[in-house]
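**Student:** Here it is: the structure, laid out below.
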Amino acid sequence: MSLLDDFIQFRDEKLKLAEDYDQAGSHEMAYVALWSVTEHTVKKVEEQRKTLELKARIIEWHQYFENEEEKKRPSPIKSFVCETKSIPQTRLIEKLLGSIPAISKLLQTSQKGISGKYRDKRNAIAHHAEKFKNESVYQDYKNTALAAIEELGIKLKEKEL
């Protein structure tokens, strides 16, 4: 199954789940369900980026051993692990997908002068069972998560991943 197919299946499942949570009045769980689509998918994107990078490095080494005239030795391959358990940095996701402003907005971590409110809220819900203050606040978070999901779908289709 392609990354795009995996994304579509996972997205559809979680959108339905988020809708069910919304109807039950559990906006926090709906947000976590929406968030999970982006988190799951960017981890898969990072694994694919690492795999492509590793393949290129292995080809470099193969060519080095096959070409006796080649004098310059490739730099060492430090890791053969392509799996990832954590959310990758935005700059790494951009290496494969290009510009991703909506995804970046959702995944942004708190840094000096930069708010990471969408990621912080996901963590506050998951780790401290924090609630949304009101419906309008929830709608902002929901719309931001949906924008990231939409952008992911567009980028994956463009790149045919």
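The values are calculated or read from the model by the stated rules, or taken from the named source; none is laboratory data. Computed from a prediction, not measured in an experiment: that's the story for all the values here. Here the Cβ is made from the backbone with ideal geometry for all residues, glycine too, and neighbour counts use every protein chain on show. We work out accessible area using only protein heavy atoms, side chains counted, and drop any ligands, DNA or RNA first. Shrake-Rupley method; radii C 1.70, N 1.55, O 1.52, S 1.80 Å.
**Student:** For K44, state whether it is among the basic types (K, R), closer than 22 Å to T84 by Cα, modelled with pLDDT of 95 or more and over 13 Å from the mean Cα position of the chain (by Cα). Before the answer, list the steps.
**Tutor:** Values: among the basic types (K, R): yes; closer than 22 Å to T84 by Cα: yes; modelled with pLDDT of 95 or more: yes; over 13 Å from the mean Cα position of the chain (by Cα): no.
The answer is no for K44.
**Student:** Right, next: Looking at Y138, Y64, which one is touching a Pro at 6+ places or on another chain (Cβ under 6 Å) and more than 26 Å from L3 (Cα to Cα)? Outline the logic, then answer.
**Tutor:** Working: Y138 fails: touching a Pro at 6+ places or on another chain (Cβ under 6 Å).
Criteria check complete, one pass: Y64.
**Student:** For region 3-41, what are the residues that are over 15 Å from the mean Cα position of the chain (by Cα), part of a helix (DSSP H, G or I) and aliphatic (A, V, I, L, M)?
**Tutor:** The answer is L15, L17, A18, M29, A30.
**Student:** Confirm whether S104 is within 23 Å of L161 (Cβ to Cβ), free of Cβ contacts under 8 Å to residues at least 40 places away in the same chain and surrounded by 14 or more Cβ atoms within 10 Å (Cβ to Cβ).
**Tutor:** Working: within 23 Å of L161 (Cβ to Cβ): yes; free of Cβ contacts under 8 Å to residues at least 40 places away in the same chain: yes; surrounded by 14 or more Cβ atoms within 10 Å (Cβ to Cβ): yes.
Criteria met by S104.
**Student:** What are the pairs, 6+ residues apart or on separate chains, where a residue within region 9-33 that is hydrophobic (A, V, I, L, M, F, W, C) has its Cβ under 6 Å from a residue that is part of a loop (DSSP other than H, G, I, E, B) and open to solvent by less than 80 Å² (accessible area, probe 1.4 Å)?
**Tutor:** Listed by first residue and then by second, the contacts come to nothing, as the list is empty.
**Student:** Separate question: Taking the condition in contact (Cβ under 8 Å) with a residue 24 or more places away in the chain and exposed (fewer than 13 other Cβ atoms within 10 Å of the Cβ), does F132 pass? Can you show your working first?
**Tutor:** Details: in contact (Cβ under 8 Å) with a residue 24 or more places away in the chain: yes; exposed (fewer than 13 other Cβ atoms within 10 Å of the Cβ): no.
Here the answer is no, as F132 does not meet what is asked.
**Student:** When you go through (1) under 19 Å from the mean Cα position of the chain (by Cα); (2) crowded, with 18+ Cβ neighbours inside 10 Å; (3) in contact (Cβ under 8 Å) with a residue 60 or more places away in the chain one by one for A126, which number turns out not to apply?
**Tutor:** Exception for A126: condition (2).
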